[in-house]
Every structure is written in structure tokens, then in C-alpha cells.
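Below: one structure, written as C-alpha cells.
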Amino acid sequence: MSRKVLSDLVAGIEPSPTEETSFLANSLKRQGVDVISFAQGEPDFDTPDYIKNAAIEAVQEGFTKYTDVPGILELREAVVQKLKRQNNLDYDVLEVLIGNGGKQLLYEVFATLCDPGDEVVIPTPCYVSYVDQIRLTGANAVFMPTQEVNKFRPRLEEVQKIWNPKVKVFVLNSPCNPTGAVFEEEEMRKIMDFLVEKETFVVTDEVYEYLLYNGAKHTSPAALDIRYKPWCVLVNSVSKTYAMTGWRVGYAAGPKEIIKGMNALQGHVTGNVNSIAQKAVVEALSGPQEDIVLMVGEYAQRKDYIVNRINSINGLSCIDPDGAFYIFANVKKLIGKTFGRERIKNDKDVAKFFLNVAHVAVVPGIAFGYEGYVRFVFAKSLDTIKEGLDRIEKAILRLE
Ligand SMILES: Cc1ncc(COP(=O)(O)O)c(C=O)c1O
């Protein structure tokens, strides 16, 4: 066939490296190898029963038809209440949109705000999907590296240095995937003052807002100052908080004009989010919140264990993250070592070595736009974490 099949746009999409790692791990598993995977960023808990029951009731009541594209009013009202209660933010239902997970909403914000040639600044290391989503809009994703000594939190000087008049959007992800960085309020204010003065929109990805440790506090930038809110589009989802990754429900809140644009796009691409899942999320947001506390308590114990353990292994080190459920471990000391005839040249090779020799899957830092590191997910049982690190420790001893 001589006819070109794929558009340049689609041909240019990079496969998600997280999925790529999971794919490699699964092919080993299919060959009978017992692989421990720290690759997939999702809770190992089940969705709480009271949420599942709301979905069952919705099915039984025949709540199975199209809904309004931006989401049922009951759910948008629940989001408005949640934002008021939890984040001290006042939004109207017309400023809220329900989407198929945070992921879809992030794409919709970028597509709504960006023209080809615009720049979107992303502090790195960053969540893998931002880059391709931005590219699909024709805008340019510009990486702003943060530093491990600052616990990977952006500094005002870094933002000032990278900003130029083409920058239309800045992405703020706190707590951060893959570093677990939680921004301090004081630095966030300084950065927001600068960005708002420069009329730059801020996409604030808050999907890990409840997963906090070491006494860290989550702050929504839009709530910090009345001047910030018109420049902020908040994206959140129930995936990580309520162990609901498969239900695909997220929400965005922002200025009416932007939400209206995102809604117009969604109306032609997916329409409304699954009606049954919407009913379940009303319950998730409005029902008892104790399960979150229990899950966060468990994550905190696992985090303490994995941080201590990683820092006790020769060749690995990590900072103690304040949020999310990831460890971004420094593996620079392993680079340059050899295993038989193979030389470890970069973090991708480290991840390959861990997978092939220790049978442990981790995602290389390069996937998050930052070399010399690998990401571990600690949303796994303590036994699994222990076994995975035992294997890695043993494998590292075989390096020369
Ligand atoms: C930083 C960040 N934002 C957004 C998402 C999207 O999550 P979902 O689409 O399940 O809401 C993820 C998922 O891994 C994430 O890590």
C-alpha cells in the first residue's frame, strides 16, 4: 500500500512509557516469570463498598441513559460542595465539568487554551501524558527541570528564567507524580504572583491532593488569592483518592469561558461520562470519608519502609516524599557499572536490569523527562515492597 496511513499527528504520539514497562513485565509474566511490578500508578485497594452500592442502585433504577455533557447536576453540585468544604473555593455549577478521568480533562484544558506555537511550561520530572497532550494541540511543551536538593519543588527563579511571552500556560502538579513533591504555600504564592502578573494560565493538577505525609498540607493555588482564581483551571479526579481508577471520573473547575470551551470539545468527542459512574461519584464525594484516612495511613507506613530500605541499598538513594505514592529514586551510582558484558548506560538500562535480573518492574526517569532516576510505586502491600527490594538489593550485588 503506497497510501500513507497514519496522520503525522498520531504517528508522533509516544507510547506511554508506563504502559511500555507494564507490557514488558507482562510478557515476562506470560513466560512464567514471577515479576513484581512497581510500574502502574494505581491504588491496590478496592473501591469502598458504599460507592459500589450507589452504582448498583443506579443500574437497578435504570439510570443508564445519556446525561448532560458536563455531568449530572447532582454531581456538579457535589463537586461545588467538595471544593468549598475541602479547598475553600467558591465555584458555580457552570464553572464545573465532569470528564472521563483527570486525563481527559487535562487534554481538554490544553486544547481549549492553546494555539499552535504557544508554549506550556511543565516542571520536570512530570506526569507522562502532559507532553503528548500538549503536542496534540500544536503547542510546545517546555520542560523546566526542578532539583532534587529542593525536593523537586519549583522555585520562583526557575519560573522567571524560563518564562517568555509565548508561555500561555504553566502546569502545577502538587502532590507531584513522579516525585511526591508538595509545594510550600509561600513559594507557590511567589510563583503565582509572577505568573498572574504575566497573564499566564495555570493548570493545577490536584489528583493526589489527599495523599499527604510528614504533616504536609495541600493548597489549591486558586484559593490563595482572589487575583489568582481567574487564571487557574483545577483538575482533580476520584481515581487515586477513592481507589476508582477504572471508573474514569474526574472534574475540572475554572472560569466559565474555559469550562464552556472544554465542554464543547467533550460534547463532540465523548459526550457525558458513564451515567452509572457519575452516580457512584456523587456518593464518593458526599459520603463518609473515613476510607481515605485508612488508605493514607497504610500508604504512609509503606512509604516509611520503602524510603528507609532504598536509602540502605548501595547505589540507590531517595528523598522522603511528602505526597502521592511514588518514590523517585536516584540511580546515578549504578550508571557506568557492568553486568557480564552489558554496561549500564542510563536509567533505562537500570530499569531493564531490574526487570531482567531482579524481575522487578520500575519506570525509568527519562519517561518523566528527567534522567538518572527510576520511579517506584508504593501502592503495594508491604510484603510485595519488601520482596521487590530484596530482589533489587541482591541483583545490585552482582554488578561490577
Ligand atoms: C499527575 C496525574 N494527573 C492526572 C492523572 C490522571 O488520572 P485519571 O485520568 O485516572 O484521573 C494521573 C494518573 O496517573 C496523574 O498521575
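The values are calculated or read from the model by the stated rules, or taken from the named source; none is laboratory data. Remember, predicted model here, so these are calculated numbers, not experimental data. Here Cβ is always computed from backbone atoms with ideal geometry, including for glycine, and neighbour counts include all displayed protein chains. When the accessible area is computed, the model is the full protein with side chains, heavy atoms only, and any ligands, DNA or RNA have been set aside. Shrake-Rupley method; radii C 1.70, N 1.55, O 1.52, S 1.80 Å.
The table that follows gives values for the structure above.
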{"read-out": "Between region 149-190 and region 122-141, the alpha-carbon center distance in angstrom", "value": "15 Å"}
{"read-out": "Carbon/sulfur fraction of accessible area - region 49-286, other protein chains in place, 1.4 Å, %", "value": "51 percent"}
{"read-out": "Under the Karplus curve 6.51 cos²θ - 1.76 cosθ + 1.60, θ = phi - 60°, whole-Hz ³J(HN,Hα) for region 293-308, x wherever Gly or Pro sits", "value": "4, 5, 5, 5, x, 5, 4, 4, 5, 5, 4, 4, 5, 5, 5, 4"}
{"read-out": "The chain, dipole about Cα centre (Lys/Arg Cβ +1, Asp/Glu Cβ -1), debye to the nearest 20", "value": "1200 debye"}
{"read-out": "Region 48-135 pair-distance distribution - Cα-Cα, 10 Å bins, rounded %", "value": "13, 31, 35, 17, 4"}
{"read-out": "Distance between region 66-81 and region 258-319 - C-alpha centres, whole angstrom", "value": "20 Å"}
{"read-out": "Nearest-20 debye value, region 49-286 charge dipole, Cβ charges on Lys, Arg, Asp, Glu", "value": "200 debye"}
{"read-out": "Dipole axis of the chain (+1 Lys, Arg; -1 Asp, Glu on Cβ), positive-most option in 194, 369, 212", "value": "369"}
{"read-out": "Dipole of the chain, positive direction: furthest Cα of 355, 287, 172, with charges on the beta-carbon", "value": "355"}
{"read-out": "Accessible surface, per residue, of the chain when the full set of protein chains is kept, probe 1.4 Å, Å²", "value": "44 Å²"}
{"read-out": "Extension gain from residue 304 to residue 19, taking 0.36 nm per residue of separation minus the Cα-Cα distance", "value": "99.9 nm"}
{"read-out": "Entries in 161/260; 29/380; 103/337; 82/198 that, when Cα-Cα distance is taken, lie over 27 Å", "value": "161/260; 103/337; 82/198"}
{"read-out": "Spacing of the two label points (7 Å from each Cα toward its C-beta) at residue 397 and residue 50, in nm", "value": "4.9 nm"}
{"read-out": "For peptides 371-377, 7-13, 25-31, 393-399, sequence by mean Cβ density within 10 Å, most packed first", "value": "371-377, 393-399, 25-31, 7-13"}
